[in-house]
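To start, the structure itself, in structure tokens.
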Amino acid sequence: MGKPDVLKADASIPVQIDQISLTRPLLPELDALIPYLQDILERRWVTNNGVYVQRLERELQNYLGVKGLATVTNATVGLDLAVRALVGEGEVITTAYSFPATYHVLLNNPKISPVFADIDENFCLDPESVVRHITHKTRAILAVHTYGFPCKVDRLAQIAQEHGLKVIYDAAPAFGVRINGKGIASYGDLSVFSFHATKVFNTVEGGCISLGKPNPELLERIRLMRNFGIVNEHEIALYGINGKMDEVRAAFGLVTLGLVESAIEKRRQVVKRYLSYFEELKDPNLVIREDMYSTGNIHLNYAYFPVLIHPSKGFNRNTVYNLYRREGILVRKYFYPTIVNSPIYNGLYSADSLPNTLYASNNVLCLPVHHEMTGSDCDRIIQTFDRIYRATH
Ligand code: T4K
């Protein structure tokens with residue numbers, strides 16, 4: 001008898017309805033939120049730098065261990081403001097292996113020319129590829145701590161210093177990550193976190209820009225720019241946009257911030273189970289960056305669990321994706337497509353010089369990780385993978 005044909009889509013198999021979501025928002029208890037909401041309504045002050053926004057900024061500054069911070073309405077606006085406040089104009093070297101927000105803020109800025117460098121083995125901007133793209137017009141590096149894996153921050157700092165460049169980190173997925181006990185946002189000039197519902201810490205929508213070193217003038221500029229650039233009610237001092245966080249979301253964040261550490265621990269337990277499965281499988285065609293998880297000096301947040309699947313006959317990222325989805329397990333192809341393999345960019349950005357970016361985009365699959373996952377969810381995800389794997393090996 002041959003192997004069961006689990007790879008063949010069979011319309012008679014009902015799609016499972018007890019879905020396992022890629023992630024789940026970290027939510028406050030209603031009872032914990034109500035006193036804040038009552039107070040906000042009684043005081044009739046709901047946005048524009050209210051008391052809860054200010055309090056959240058103080059608490060985040062402590063949690064992240066940074067020297068100054070401004071909350072924003074989301075990380076996309078935060079990245080836009082960070083680039084405008086710090087860089088102004090010129091070439092910015094960045095990665096195409098990211099959520100479109102990262103490079104769209106550069107493409108949408110008429111004074112900035114994005115230059116794409118390739119990624120390294122951790123899916124982050126490769127410092128040596130950055131060096132190869134530096135020209136006399138380069139002003140900054142915009143790197144992403146992809147999946148919450150830290151970039152090679154020391155090497156990037158060295159390159160920036162040698163060439164007089166600014167460094168901005170898109171730290172959207174890296175909330176709570178630490179290196180040698182230092183918050184990830186202590187590296188670079190500015191870091192931008194996302195507080196979107198799908199992130200480890202969330203305010204429904206939201207984010208913050210934080211400073212790697214004290215710079216009150218820069219912080220003031222960012223604060224002005226997130227409020228239309230207006231001073232003294234009528235004077236426009238500089239470019240600005242509506243990038244403000246409101247009181248309701250700040251209150252939401254104040255409550256969820258207290259839940260973050262235990263949520264990260266629950267995520268760690270999920271990742272531990274994945275790691276032990278893949279380590280036992282020991283297949284060099286399945287790359288899970290296990291060294292990232294075991295490096296003692298890096299405290300991860302377990303935001304995502306990417307698996308790079310080197311394609312082999314009958315077994316590749318897309319087959320695994322399709323079969324998982326059919327089973328109601330909502331894995332994702334982060335980051336596919338990217339600027340180099342999506343038709344909407346009209347072939348403007350060639351993949352030729354970005355082989356690692358293209359390869360990762362075509363072959364990485366993210367498995368579900370979140371704080372509400374149970375042991376049996378993990379078992380189901382692992383068993384499903386195993387079934388597909390065994391049928392083709
Ligand atoms: N830079 C990077 C590197 C980023 O990854 C992102 C955002 C940004 C910048 C920009 O940050 P923001 O401007 O958003 O602050 C999601 C998020 O919307 C996006 O914030 C995030 N990255 C990206 C990686 O993921 P989608 O379109 O893939 O999300 P969606 O709606 O498909 O949800 C994903 C999973 O989460 C699903 O399994 C369902 C579950 N989910 C989602 C929501 C919204 C829930 O269970 N509850 C929910 O409320 O983009």
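What follows is calculated from the coordinates using simple rules that are stated; it is not laboratory data. Computed from a predicted structure; not experimentally measured. No Cβ is skipped: glycine too gets one built from the backbone with ideal geometry, and neighbour counts run over all protein chains shown.
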Report, ordered by chain and residue number, the aspartates and glutamates lying within cross-link reach of Lys282, taken as a straight Cα distance under 12 Å and ignoring same-chain residues fewer than 8 apart. Glu290
Averaged across orientations, what area in nm² does the convex hull of the alpha carbons in segment 318-393 project? 6.6 nm²
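Sort Asp283, Asp118, Asp18 so the one with the fewest other Cβ atoms within 10 Å of its own Cβ comes first.
Lowest to highest Cβ neighbour count: Asp18, Asp283, Asp118.
I need to check one value: relative contact order of the chain, counting alpha carbon pairs closer than 8 Å and at least 6 residues apart, in percent. Don't skip to the end; give the middle numbers.
Working: 762 pairs, mean separation 89.9, N = 393.
Computed value for the chain: 23 percent relative contact order.
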Could you give the spread of the C-alpha atoms of the chain along their three principal axes, from largest to smallest, in whole angstroms? 81, 56, 40
Once you've got the GNM for the chain with C-alpha springs shorter than 10 Å, pick whichever of Thr23, Thr357, Thr319 has the biggest mean-square fluctuation. Thr319
Other residues with Cβ under 10 Å from the Cβ of Gly65 give, with Lys and Arg +1 and Asp and Glu -1, a net charge of +3
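What shape does segment 133-244 have by the C-alpha gyration tensor, where a ≥ b ≥ c are the square roots of the eigenvalues, rounded means a/c under 1.5, and otherwise prolate means a/b greater than b/c and oblate the rest?
On the way: a/c = 2.13, a/b = 1.22, b/c = 1.75.
Since a/c reaches 1.5 but b/c is at least a/b, the shape of segment 133-244 is classed as oblate.
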Tail weight of P(r) past 21 Å, computed on alpha-carbon pairs of segment 29-124, percent: 54 percent
Under a point spin-label approximation (7 Å from Cα along Cα-to-Cβ), what is the Ala197-His133 distance to one decimal in nm? 3.3 nm
Taking Cα atoms only, helix 30-43 is inclined relative to the longest principal axis of the chain by an angle, in degrees rounded to 10, of 20 degrees
Straight-distance crosslink candidates among lysines, where the alpha carbon sits under 29 Å from Lys166 and sequence neighbours closer than 8 are dropped: Lys67, Lys111, Lys137, Lys152, Lys182, Lys199, Lys213, Lys244
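What ranking do Met225, Met245, Met373, Met292 get, fewest neighbouring Cβ atoms within 10 angstrom at the top?
Values: Met225 25, Met245 28, Met373 21, Met292 17.
Fewest-to-most ranking of Met225, Met245, Met373, Met292: Met292, Met373, Met225, Met245.
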Most exposed first, judged by fewest Cβ atoms within 10 angstrom, Ile381, Ile34 run Ile34, Ile381
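Among the GluC sites (Glu not before Pro) in segment 212-315, which ones are in a DSSP loop with at most 16 other Cβ atoms within 10 Å of the Cβ? Mind listing them? It would help to have the intermediate numbers written out before the result.
On the way: sites: Glu217, Glu220, Glu233, Glu235, Glu247, Glu261, Glu265, Glu279, Glu280, Glu290; in loops: Glu233.
Passing sites in segment 212-315 are Glu233.
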In terms of the alpha carbon gyration tensor, root eigenvalues a ≥ b ≥ c, rounded if a/c is under 1.5 and otherwise prolate when a/b exceeds b/c or oblate, segment 43-179 is prolate
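Between Rg and the Kirkwood Rh of segment 274-342, both from Cα atoms, what is the Rg to Rh ratio?
Numbers: Rg = 13.9 Å, Rh = 14.0 Å.
My calculation puts Rg/Rh at 0.99.
Starting from the Cα gyration tensor of segment 246-393, take the square roots of the eigenvalues, sort them a ≥ b ≥ c, and report rounded, prolate or oblate (rounded when a/c is under 1.5, otherwise prolate if a/b is larger than b/c, else oblate). Could the numbers behind the result be given before it?
Numbers: a/c = 1.76, a/b = 1.19, b/c = 1.47.
The shape class here is oblate.
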Calculate how steeply helix 51-64 sits against the longest principal axis of the alpha-carbon atoms of the chain, using the helix alpha-carbon long axis, and give the answer as 0 to 90 degrees to the nearest 10. 60 degrees
What nm distance separates the two modelled labels at Lys313 and Arg325, each placed 7 Å from Cα along Cα→Cβ? 2.7 nm
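Divide by every residue of the chain the summed helix terms, -39500 (n - 2.57) for each DSSP H run of at least 4, and state the resulting mean residue ellipticity at 222 nm, rounded to the nearest 500 deg cm²/dmol. Each step should come with its number before you reach the end.
On the way: 13 runs with 151 residues, N = 393.
Estimated from H runs of four or more residues: -12000 deg cm²/dmol.
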